[in-house]
Amino acid sequence: MTDSDTGYLTPVIDEDGAPFWEYAARGQLRVQACASCDELRFPPRPCCPRCQSFDSTWRRMSGRGRIWSYVLPHPPLLPGYAEQAPYNAVVVELADAPHIRLVGNVVASADAPLNSVDPERLRVGAPVRVAFTVAGGGVTVPRWLLER
């Protein structure tokens, strides 16, 4: 979905993923875990792929990870993003759960523009930590800050 004010893509919140966004609004990065076998899973879903249990809980993560992959999108871009180019889109592998990967942007601070980090500073394997910002539609989204 696209936010009408910014032109940015915004998450579509469904029943399974709603707790992720509720915790994000509180400044917490949490990942769904099976209450039966303790397997972490993302994206959230109703059934555990390991044991098929429908019981789940949400485990708090440290908010630290590393850049697993990244891209610098090139035109043509969605109109809301064109003025931000060049910016990055990253896949972050969580330190607490290396098989869990989240997509976002590396920025200079939580509320900084998408193009606030020089692309030359990005490296696969670079350590990052989560920061949260309120995006379009009032949804709080995770972003990533480079660790020193």
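The values are calculated or read from the model by the stated rules, or taken from the named source; none is laboratory data. Predicted model only: the values in this text are computed from it and were never measured. Cβ: placed from backbone, ideal geometry, glycine included. Neighbour counts: every protein chain shown. Keep in mind that these areas ignore ligands, DNA and RNA; they rest on the heavy atoms of the full protein, side chains included. Shrake-Rupley method; radii C 1.70, N 1.55, O 1.52, S 1.80 Å.
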Dipole magnitude (debye, nearest 20) for the chain, charges at Cβ of Lys, Arg, Asp, Glu: 540
Amide hydrogen neighbours beyond the local backbone of Asn105, cut-off 5 Å, H modeled: Val90, Trp144
Size of the stretch 38-121 as Cα extents on the principal axes (Å, biggest first): 45, 25, 21
For peptides 76-83, 24-31, sequence by mean Cβ density within 10 Å, most packed first: 24-31, 76-83
Efficiency of FRET between Trp58 and Glu120 - r from beta-carbon atoms, R0 30 angstrom, step 0.05: 0.25
Net lengthening on full extension, Leu78/Thr6 (0.36 nm per residue, minus Cα-Cα): 24.8 nm
Hull shadow area, averaged, the chain [alpha-carbon convex hull, nm²]: 8.9
Carbon + sulfur, % of accessible area of the chain - ligands and nucleic acids excluded, 1.4 Å: 51
Within the chain, helix-based [θ] at 222 nm, where runs of 4 or more DSSP H residues each add -39,500 (n - 2.57), nearest 500: -2000 deg cm²/dmol
Taking the stretch 37-148 and dividing mean pair separation by its residue count, relative contact order in percent (alpha carbons under 8 Å, at least six apart): 23
Charge dipole magnitude, Cβ of K and R +1, D and E -1 - the stretch 21-95, Cα centre, debye nearest 20: 200
Pairwise Cα inverse-distance average, inverted: Kirkwood Rh of the stretch 1-68 (Å): 13.4
For the chain: accessible area per residue (Å², 1.4 Å): 55
